[in-house]
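Provided herewith is a single structure, encoded as structure tokens, for subsequent inquiry.
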Amino acid sequence: MSDRGGNGIARRAALGWFAGGAMALLGGCGLVKSYKPFRYRLTVEVDTPQGLRTGSSVIEVTAGEVGTTLGGASAQAKGEAVAVDIAPGQTLFVLLRSEASHGWAAGIMSGVTPEPDDPSIPIDDRFGAKIEAVRANRKLNVVPRWFAPRFADQKPVGGYPIMVRFRDVRDPKTVERVDPDNLAASFGQGVSLRRITVQITDDPVTTGIEKRLVWLLTQRGQLISATQDDPEILRKLSTVTEGDFYLGTLQ
């Protein structure tokens, strides 16, 4: 099972059991039951000295149950990262993965949707019931900065996806990590993240990010080379690839 967006196969991740914001990956499993896809709009709002700046992207999620000895869930996302134009030549990119999960985009709607409060639902039907709960959750949901841990001995898990900027959008090697708690460090004084929201929508999946990042059409693998001299840059960015900017939307 591929984990790259470039070949049109979207990333898969467990959906529904968003344990503390983290999702398990299920590979090599046969799909035994699929559900009708749903779409949601991911919106990012940023306060600047010149006023509010926003960007959004519509993402489609197809979920299903997979055949394993214990049973399991799978979800694949199709869509693109959010771009927020902060100022001329300065753009914030909010990616489709988080620190906790490569499948963040596939599972975040599940993460902000409460579990169905009906103890009579058979265990074999709970995943389907959660999918229906997600589909019915049409309110505007604010993504939390942190998800509470599932167990007392665990740490909270970050709810935000990874954010980056480019010194030069024409060159993927100029990518820089952006701290969601300190956008001013990357974009200047007075710039701060207001909120991130997700909401079910019937709008079509967003396309066209390759017009902003023309190198996406040819980029394969890590944007920052593993031979980079600065270990801090490697720690922050060595795993970011073109597949974190789009899933299944480019040919």
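Figure the gain on full extension for Lys33 and Glu132 (residue separation times 0.36 nm, minus the Cα-Cα span) and round it to one decimal in nm.
Details: separation 99, 0.36 × 99 = 35.64 nm, distance 1.43 nm.
Between Lys33 and Glu132, full extension yields 34.2 nm more.
Would you list, by chain and number, the lysines whose Cα falls below 29 Å from the Cα of Lys36, excluding same-chain residues fewer than 8 positions away?
Lys78, Lys130, Lys139
Which aspartates and glutamates, if any, have their Cα less than 14 Å from the Cα of Lys173, not counting same-chain residues under 8 positions apart?
Asp229, Asp230, Glu242
Under a crude label model (7 Å from the Cα following the beta-carbon direction), how far is Asp202 from Thr54 in nanometres?
It works out to 2.0 nm between the two label points.
What residues have an amide H closer than 5 Å to that of Tyr160, excluding those fewer than 5 places away on the same chain, when H is modeled at 1.01 Å from N in the peptide plane?
Those qualifying (amide H under 5 Å, at least 5 residues apart or on another chain) number zero.
Check the straight Cα-Cα distances from Lys33 and name the aspartates and glutamates below 14 Å, setting aside those fewer than 8 residues away within the same chain.
Output for Lys33: Glu65, Asp124, Asp125.
Want the number for Arg220 to Asp124: 0.36 nm per residue separation, take away the alpha-carbon distance, what's left?
Value of the extension gain: 30.6 nm.
Bear in mind that the values in this text are calculations on the coordinates, not laboratory data. Since the structure is predicted, the reported quantities are computational estimates derived from the model, not experimental observations. No Cβ is skipped: glycine too gets one built from the backbone with ideal geometry, and neighbour counts run over all protein chains shown.
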